[in-house]
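> Pasting in a structure now, in structure tokens, and then I'll have a few things to ask.
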């Protein structure tokens, strides 16, 4: 199987002690859909990040994630920003 591009939105919530906790990830159809989903997280999360990643899960091949958009408080994992 060839590499496919996956689009994911990862929302985050804040604990009582101020730590960030990942909420369930949301699959998106494409980059624009992922960006819209991030914008919808306002009010339910303290932050969200949308990213794409090319992968072939069956072969165990994964490329680095590319951030499409960040909103609010999200961990800084050093992921490359999309141009």
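The values are calculated or read from the model by the stated rules, or taken from the named source; none is laboratory data. This one's a predicted model, so the numbers in the text were calculated from it and none came from an experiment. Reconstructed Cβ throughout: ideal geometry from the backbone, glycine too, with neighbour counts over all protein chains shown.
> Being touching a residue at least 24 places away in the same chain (Cβ under 8 Å) and either closer than 16 Å to residue 70 by Cβ or in contact with a helix residue (DSSP H, G or I) (Cβ under 7 Å, 6 or more places away or on another chain) (or both) is the filter here; which residues of segment 28-47 pass it?
The initial filter retains those residues of segment 28-47 that are touching a residue at least 24 places away in the same chain (Cβ under 8 Å), namely 31, 33-35, 37-39, 41-42, 44-47.
Answer for segment 28-47, where residues must be touching a residue at least 24 places away in the same chain (Cβ under 8 Å) and either closer than 16 Å to residue 70 by Cβ or in contact with a helix residue (DSSP H, G or I) (Cβ under 7 Å, 6 or more places away or on another chain) (or both): 31, 34, 35, 37, 38, 39, 41, 42, 45, 46, 47.
> Would you check which residues across segment 1-27 are touching a residue at least 60 places away in the same chain (Cβ under 8 Å), farther than 13 Å from residue 71 by Cα and out of contact with any helix residue (DSSP H, G or I) (no Cβ under 8 Å at 6 or more places or on another chain) and list them?
Listed by number, the list holds a single entry, 3.
> If you don't mind, another one. If residue 24 meets every condition in (1) surrounded by 10 or more Cβ atoms within 10 Å (Cβ to Cβ); (2) on the phi < 0 side of the Ramachandran plot apart from one, which number is that one?
Result: residue 24 fails condition (1) only.
> Within segment 48-56, is there a residue that is at pLDDT below 95 and in contact with a helix residue (DSSP H, G or I) (Cβ under 9 Å, 6 or more places away or on another chain)?
no
Yes or no, residue by residue, for (1) touching a strand residue (DSSP E or B) at 6+ places or on another chain (Cβ under 8 Å); (2) surrounded by 14 or more Cβ atoms within 10 Å (Cβ to Cβ); (3) on the phi < 0 side of the Ramachandran plot:
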position: 10; (1), (2), (3): yes, yes, yes
position: 14; (1), (2), (3): yes, yes, yes
position: 18; (1), (2), (3): no, no, no
position: 35; (1), (2), (3): yes, yes, yes
position: 44; (1), (2), (3): yes, no, yes
position: 52; (1), (2), (3): yes, yes, yes
position: 61; (1), (2), (3): yes, no, yes
